[in-house]
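The structure appears below as C-alpha cells.
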Amino acid sequence: MLGGTHTAAHEVVIAGGGPVGLWLACELRLYGVDVTVLETRTEPDPHSRALAVHPRTLELFAARGLVEPFLAEGLRMPGGHFAALTRRMDFSRLDTPYPFMLLLPQVRTEQLIGAHAEAVGVRVLREHRVTGLAQHEDAVTVEADTPAGRRRLDAAYLIGCDGSRSTVRAAAGIGFPGRAATRWSWLADVTLDAPPAMQSASNEHGTVLLFPLPGGFHRVVGSDARTAQEKPEDLDVEELRTRVRRVMGTDLGMRDPRWISIVGNAARQAERYRHGRVLLAGDAAHSHFPAGGPGLNVGLADAGNLGWKLAQTLAGTAPDGLLDSYHAERHPVGQELLRSTSAQTGLMTSHTPENLALRGLLAELIGTVPEFSDALARRAAGIAVGYPPADASGAPDAHPLTGTRAPDLAVHGGGTLLSLLRRGRYVLLDLTTAPGAPSPLAPLVHDTTPGLDVRTGPPASGRPDWARVTAALVRPDGHLAWLSTDADPAGPARAAVTATLARR
Ligand SMILES: Cc1cc2nc3c(=O)[nH]c(=O)nc-3n(C[C@H](O)[C@H](O)[C@H](O)COP(=O)(O)OP(=O)(O)OC[C@H]3O[C@@H](n4cnc5c(N)ncnc54)[C@H](O)[C@@H]3O)c2cc1C
C-alpha cells in the first residue's frame, strides 16, 4: 500500500472485457456505478469455447430480464453429462424454470452480454492492455498500454477479469497455487455427415463426447491413451478422424473443422479473491479442465455475487464486511469447481480396465438411482451453491435454507421472484397474507430501507423444505438472507431486515 492522497476519478475499472468482465460491468450499471472496462483485444474472441449455459446462469439472466435472447438461440438439452459417462443426468426434475442445459457458443454469449453492456452504458476501452497497478489508501492506480501510449487511471476499485493468466492477479501479488497440466484432451467444432444417436463412447482406446451446436455442426471432444499423457501438437481433421474411428468404429463423416483446440488439466485457484482495492472474478480467480463446462457459468455467478456488494460499498450503505464476504462465499465455490473438474478429468482421460469399470458403475448409478443423478445434476446446474451463515455459532437459529438460492417462487398479482429481482434490490416475501390484502411487512420499507421490495405470495406448495416458511428475505443475487417460520413474522422480519440491510 502506497501513501499519499489519490482521488479516484473512476469508481470501478475492470481489466478484461470477456464475458465475466462485461457481466460484472452490467451488474454495476444496475446501481448507477461509473464503470470502465479495459480490454486488450480489438474484437471479442471469435472461438466458440464455452458451450454449456447452465440453469442457474439462465436464472441470473432472467433476474436481469435478459434470458429471452439466449433461449431463442440456444439448443436445449434435457440433461447434462458427468465426465462424458454414457448415461445423462436428468435436468427435467430440477426445481428451476429452466430445467435443461442450453448449448450456445461462447462467442454468442459474449455478443449478447456485450450488447446489453452497451445498452446500459458500460464504457469499454479496447486496445487497452493493463500492465500494472499501485494501491493507495483511497484509490488504486491502473496502468495500461494504449494506442496513444501509456495511460494511468485512478479508481476506487479494480477488478481483474482478465482470464487465467491475469496480469491484475500477479500485479496485486495474489498467489495462484495449483497444478500444472499433466493430461490433455482435444476438441473440434466440425460438420458430421453421419452423427450417431449416442453422444459419448468410452473404451480402452479412449473417450469421445459429442454435442450438437446451433447451425447444424457439432463439438467433438476426445481423449485417448496418447493425448492423455502427452500434449498433442498440430492436430488436423485427418488425425482426429483416425482417433475417433479407433474409439467409435466410425469417423462420423467428420469434415470442415471451424476450430480445433487442445485443453489441459492444469488446476489453479487464487489464494484470495480480494486484496485491498483489487478483486478477482472468473478465470482470473479459478482455472481448470473444462469438464462439464462450468467455468463460464461459475465466473458469471462470481460477478453476480460481487456486483451488488461492490455497489453498496461504493454507495456507503454496505454493512461491515459485505465486500469481504465475496471471498468468503465464492472461494469455497471455486474449490468445489476444481474438485469436480479434477474428478471428471480423472474419469475422462484414463482408459485402464479399472477406470472403465468405475465409469460403468457410475453411469449405472446415474441411470438407475434418481437421488444420485439428481444430486449430481443440482451441482452441475449451479443451483446447489449455497452460502451458509459464516459463523454458525453466531446464527444458531438460522433456518436451514439460509444462504441457499431461492427457487422461483410465485407472487400474488402475477410474476415470480426472478422478475422481482430485476431492480437488483432485496425482496422481502410475505407468504401468508391473502391476495390483495396489505402485507403487515410493508411498513418495514419506510422504517428500515426504501431499497426494499415487499411482496406477498402464496405458500411455496410442493416444496417440502418450504412447508412452514412464512416470510423470506431474498438478496439481490437471489440467495436467501433470512427465513421465518413464525406465524406472525412481522417482528422477526423487522429485526432481520435491520440486521441485514444498512439504513439509508
Ligand atoms: C475449449 C474450452 C471449452 C470450454 N467450455 C466451457 C463450457 O462449456 N462452459 C463453461 O462454462 N466454460 C467453458 N470454458 C471456460 C470458459 O471459456 C471460460 O471460463 C470463460 O471464458 C471465462 O471468462 P472470463 O471473462 O473470466 O475470461 P476470458 O474469457 O479469458 O476473458 C478475459 C478477457 O480479458 C482480456 N485480457 C487479458 N489480459 C488483459 C490485460 N492485461 N488487459 C486487458 N484485458 C486483458 C482478454 O483479451 C479477454 O477478453 C471452456 C474453455 C475452453 C478453452
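Per residue, the average separation of C-alpha pairs within less than 8 Å and at least 6 apart gives the chain a relative contact order of 16 percent. Membrane-span-like helices of the chain, defined as complete DSSP H segments with a Cα extent of 27 Å or more along the helix axis and a mean Kyte hydropathy of at least -0.5, are identified as 295-315. Taking a point 7 Å from the Cα of residue 468 along the Cα-to-Cβ direction, the residues of the range 395-418 with backbone N closer than 11 Å to it are 400.
Remark: 289, 70 ranked as 70, 289, counting other beta-carbon atoms within 10 Å and listing the fewest first.
Whole angstrom only: what separates the Cα centroid of the range 414-444 from the Cα centroid of the range 1-59? First find each Cα centre; the distance between them is then 31 Å. Residue exposure proxy: 347, 279, 296, ordered by other Cβ atoms within 10 angstrom of their Cβ from fewest to most, comes out as 347, 296, 279. Sorted from greatest to least, the principal axis extents spanned by the alpha carbons of the chain come out as 70, 60, 41 Å. Ranking of 101, 348 by neighbouring Cβ atoms within 10 Å, starting from the fewest: 101, 348. Once the Cα-Cα distance is subtracted from the 0.36 nm per residue extended length, the residue 397 to residue 328 segment shows a gain of 22.8 nm.
Please list, by residue number, every one of the GluC sites (Glu not before Pro) in the range 152-251 that is coil in DSSP and has at most 13 other beta-carbon atoms within 10 Å. Passing both the DSSP loop test and the Cβ count: 204, 230, 233. Beta bridges per DSSP, both residues in the chain: antiparallel share near 75 percent.
Of all DSSP beta bridges confined to the range 391-502, the antiparallel ones make up roughly 70%.
Extension gain, residue 118-residue 225: 0.36 nm per intervening residue step, less the Cα-Cα distance, totals 33.9 nm. Note on the range 210-315: Rg/Rh from Cα positions, Kirkwood definition for Rh, rounded to two decimals, is 1.13.
Readers should treat all values here as calculations from the given coordinates under stated rules, not as data from a laboratory. The shown structure was predicted, so the numbers you read here are calculated from the model rather than taken from an experiment. When we count neighbours, we look across all protein chains shown, and the Cβ atoms used for this are built from the backbone with ideal geometry, even at glycine.
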